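As structure tokens, the structure follows; a few thoughts come after it.
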Amino acid sequence: MNLYSISQDPAGGNPSAGTPSSENVPTQAQDSAQTPAQGALAADPPLEPTESLLAELKRDSDRLESASPQEILRWTVDRFAPHFTMATAFGPEGMTIIHMLAEIAPETPIFNLETGYQFKETLELRETIKVRYGIEVEYKYPETTVEEYEAANGGPVYKTDPNRCCFDRKLSVLHKAARGWHAWASAIRRDQSEDRAKAPIVGWDKKFQLVKVSPLANWTKKEVWDLILKESIPYNPLHDQGFPSVGCFPCTRAIAAGEDERAGRWSGFQKTECGLHSS
Ligand code: SF4
């Protein structure tokens, strides 16, 4: 699969000719002499996706199908901390997991991909988390500032090639951020898309080479929002202004009644995900 051409958040459609693909980007397994180890393979000790590890993860995943998100997180911390981390875009699901981790393992390192194009409301949420939970979400930045990036490319890349923009400002940053960790938490729900419907609770993330745990896989949107309201979990105020899904401001709009939840993302392009959760 093309690293840019992810058809569905955490990059699809309109892949430009000549963009790199996973076929021509060597993996650790394919070319360990030339490619630095990624994800858990770069950890100390490394965690290799051996047959026995994959079988173990499958057993654990099956067993955790009926567990609560909190129980899944507790198991994850016991099994993988201190090599366990989480990436968040501060969505409702991510906020729910942060709220749970604040009780279970507040020392868990959490980071956000700060593309330079995030809404101010999103950035303010990071500060709210600091005050409410004492958790400092770390920003991970692309190699260039927005000004440098746009100057080097003759203008905003998101207007002409959002897949490339997402690759440069999200995916490549995430690949670096994943180095050295054994596992990370994902905030996906199976009922969000056909692709996400196949997600195990615990599984090997081939793209980023570490274990991916999805504590909310079996939860519905209603369950997430019920908990947010019950526990007064902070959330992005844009959700109250017609933005069910919030990404970068140039690629996010409010949706109209009856529109699909993700219709406000990359509107006008055949792109619904930035590629973080696609296989
Ligand atoms: S969501 Fe838009 S602005 Fe943000 S990285 Fe992707 S294409 Fe660029």
_Would you confirm whether or not the range 195-210 contains a residue that is within 16 Å of the ligand (Cβ to nearest atom), touching a helix residue (DSSP H, G or I) at 6+ places or on another chain (Cβ under 8 Å) and farther than 24 Å from residue 85 by Cβ?_
no
_Residue tally, condition under 12 Å from residue 214 (Cα atoms) and in a strand (DSSP E or B), over the range 71-86_ = 1
*Is at least one residue of the range 223-231 under 20 Å from residue 90 (Cβ atoms) and part of a loop (DSSP other than H, G, I, E, B)?*
yes
*So residue 220 clears everything in (1) of a type in the set (Ser, Thr, Tyr); (2) loosely packed, with under 14 Cβ neighbours inside 10 Å; (3) within 17 Å of residue 73 (Cβ to Cβ) except one condition, right? Which one?*
(3)
*Taking the range 226-239 as the region of interest, how many residues are within 22 Å of residue 131 (Cα to Cα) and charged (D, E, K, R)?*
2
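Computed from the coordinates by the stated procedures, all read-outs in this text should not be read as laboratory data. Given the structure is predicted, the values throughout are model-derived calculations rather than measurements. So basically every Cβ, Gly included, is an ideal-geometry build from the backbone, and we count neighbours across all protein chains shown.
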